[in-house]
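The values are calculated or read from the model by the stated rules, or taken from the named source; none is laboratory data. All values reported here derive from a predicted model rather than from experimental measurement. Please note: Cβ atoms are built from the backbone with ideal geometry, for glycine as well, and neighbour counts cover all protein chains shown. Just so you know, the surface numbers come from the protein's heavy atoms only, side chains and all, with ligands and any DNA or RNA stripped out. Shrake-Rupley method; radii C 1.70, N 1.55, O 1.52, S 1.80 Å.
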Number of protein chains: 2
Amino acid sequence: MINELKSVPEPTLRRLPVYLHYLKDIYKAGKSEVSTTNIAGELKLDPTQVRKDLAYTGIAGKPKVGYDVEVLISTIEDFLNWNNLTDAFLVGVGNLGMAILGYNGFKKYGLNIIAAFDNDPAKIGREIHNVPVLPIEKLSDLIKRMHIHIGILTVPATEAQKITALMIQGGIEAIWNFAPASLKVPEEIVVENAGFTTSLAVLTRKLAEKLK
Amino acid sequence: MINELKSVPEPTLRRLPVYLHYLKDIYKAGKSEVSTTNIAGELKLDPTQVRKDLAYTGIAGKPKVGYDVEVLISTIEDFLNWNNLTDAFLVGVGNLGMAILGYNGFKKYGLNIIAAFDNDPAKIGREIHNVPVLPIEKLSDLIKRMHIHIGILTVPATEAQKITALMIQGGIEAIWNFAPASLKVPEEIVVENAGFTTSLAVLTRKLAEKLK
DNA sequence: TAGATTGTTAATCGATTAACAATC
DNA sequence: TAGATTGTTAATCGATTAACAATC
């Protein structure tokens, strides 16, 4: 089992980027070492939890001192594979799709969107923020030919399953799903649901609870 | 403790919108009754879990039959307070902010964005998708005067804490935070982090684990 | 050295899953 | 009625938190 990457609890995965942002902040502010006591205090978490999370990345700290901020940053980035650019396709050039294409920052997170797809003739052939928009018909074939692993799904819910099928047909490995719909996929396909409504449900219910 | 709303586990809150989308699908398809066995099978969850989740909303099912789809839909919507429109302000009219303003569908989730704020003179005074863009300077005061409860934060990470402070100064109750940054807020403020990077971390790591 | 911190094992807590009586 | 399903209690599982020896 040599090259096997250990499966990490999802709560841990969700906290790692939070640490990362904080670490980058204090690094910019000139701090070169940091303790889990420190991180936990700032982010309102348990220090032991922070230590356990960091342990997953394989980094070692120094008793009494803490962790080297710069090393810690790049260790987390390596762990999330954010130091390697991975090519991705985006499908659905609507409001959200365009916003994602326009946000230049995904390269910092290892994501390189190299083409977008839509079925609107007015959009096909154009470039949005330097990314060409191609017809849906070419999706499957290009995924296959270019060995694309990540598909970003920003189509309306009604189209989501259809496009998913095309992606899978092409051999996609992972789908970042922004549509408010549950995708049916074979077990081996990684799906991460990033639809806004889940998050909004938490917000609106907590607010309702708060306001009695 | 009469009017006290019971605090619901967050995992349950996150599943409720998933049920809701599925229920709307089958309702459109003409189904009027549904069992938890059915829902769970379709969404790859445990039937007992679905029953427990639904129990939080207070709905009652019929042994042997299941639940009335139409009633179930509106019960979940009520539970999340999605049947009442709540006014909200959005701050940060960049790519993402504009996409959110352009997405007409939030009214279905009880969210009514009535004004946007930015510090770019080129944007101030315009209307984006019928929502007026106002200067940041007016944010605190208008939150207070209009009794706004929800603030949507779509500014760059560097500005996030500053704008948060202004929102709190105005008396905001809940912040929907799309910036990749941890906000420091008093305990009583509801913050829901919807930044993309958390979700992306899960995707990229799982993909890395899968591809060995 | 003394004291703060790491790294790890044990205890606790909460959510998921299993079991099953009640029901229509 | 028989059989599927609800609603709930008990068992299990996994994540969080507490405790503490090792370390620099």
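Here are the numbers for the structure shown:
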{"quantity": "Residue that is farthest from B:HIS149 (Cα to Cα), among those in segment B:30-87 that are hydroxyl-bearing (Ser, Thr, Tyr) and away from every other protein chain (no Cβ under 14 Å)", "calculated": "B:THR37"}
{"quantity": "Members of segment A:172-191 found to be more than 12 Å from B:LYS210 (Cβ to Cβ) and of a type outside the set (A, V, I, L, M), listed by number", "calculated": "A:TRP176, A:ASN177, A:PHE178, A:PRO180, A:SER182, A:LYS184, A:PRO186"}
{"quantity": "Test for A:ALA201: is it under 23 Å from A:GLY102 (Cα atoms) and part of a helix (DSSP H, G or I)", "calculated": "no"}
{"quantity": "Among (1) out of contact with any strand residue (DSSP E or B) (no Cβ under 6 Å at 6 or more places or on another chain); (2) at pLDDT 95 or above; (3) within 14 Å of chain A (Cβ to nearest Cβ) - the single one B:LYS144 does not satisfy", "calculated": "(3)"}
{"quantity": "Pick from segment B:95-119, criterion of a type in the set (Gly, Ala, Ser) and in contact (Cβ under 8 Å) with a residue 12 or more places away in the chain, ranking: nearest to the other protein chains (Cβ to nearest Cβ)", "calculated": "B:GLY102"}
{"quantity": "Residue in segment A:106-123 that is on the phi > 0 side of the Ramachandran plot and touching a Gly at 6+ places or on another chain (Cβ under 9 Å) present", "calculated": "no"}
{"quantity": "Pairs with Cβ under 8 Å, 6+ apart, first in segment B:146-163 and in the same structural domain as B:LYS184 (by TED's automatic domain parsing) and under 17 Å from B:PRO135 (Cβ atoms), second polar (S, T, N, Q) and assigned to a helix (DSSP H, G or I)", "calculated": "B:LEU153/B:THR164"}
{"quantity": "All positions within segment A:120-145 that are in contact (Cβ under 8 Å) with a residue 12 or more places away in the chain and more than 23 Å from A:ILE189 (Cβ to Cβ)", "calculated": "A:ASP120, A:LYS123, A:ILE128, A:HIS129, A:VAL131, A:PRO132, A:VAL133, A:PRO135"}
{"quantity": "Number of the exception - A:ILE26 against (1) more than 11 Å from chain B (Cβ to nearest Cβ); (2) within 11 Å of DNA strand D (Cβ to nearest atom)", "calculated": "(2)"}
{"quantity": "Residues satisfying the stated conditions in segment A:186-212, i.e. more than 7 Å from chain B (Cβ to nearest Cβ) and closer than 21 Å to A:ILE113 by Cβ", "calculated": "A:ILE189, A:VAL191, A:ASN193, A:GLY195"}
{"quantity": "Test for B:VAL8: is it closer than 30 Å to B:GLN161 by Cβ, among the aliphatic types (A, V, I, L, M) and either within 16 Å of DNA strand C (Cβ to nearest atom) or at pLDDT below 95 (or both)", "calculated": "yes"}
{"quantity": "Residue match in segment A:185-196 (condition: in a helix (DSSP H, G or I) and over 18 Å from B:LEU203 (Cβ atoms))", "calculated": "no"}
{"quantity": "Count - residues of segment B:56-92 that are touching a residue at least 60 places away in the same chain (Cβ under 8 Å) and not aromatic (Phe, Trp, Tyr)", "calculated": "8"}
{"quantity": "Any hit, segment B:169-187, residues being open to solvent by 20 Å² or more (accessible area, probe 1.4 Å), among the acidic types (Asp, Glu), farther than 30 Å from A:TRP82 by Cβ and modelled with pLDDT under 95", "calculated": "yes"}
{"quantity": "Qualifying residue in segment B:148-159 (condition: within 13 Å of chain A (Cβ to nearest Cβ) and more than 25 Å from A:HIS21 (Cβ to Cβ))", "calculated": "yes"}
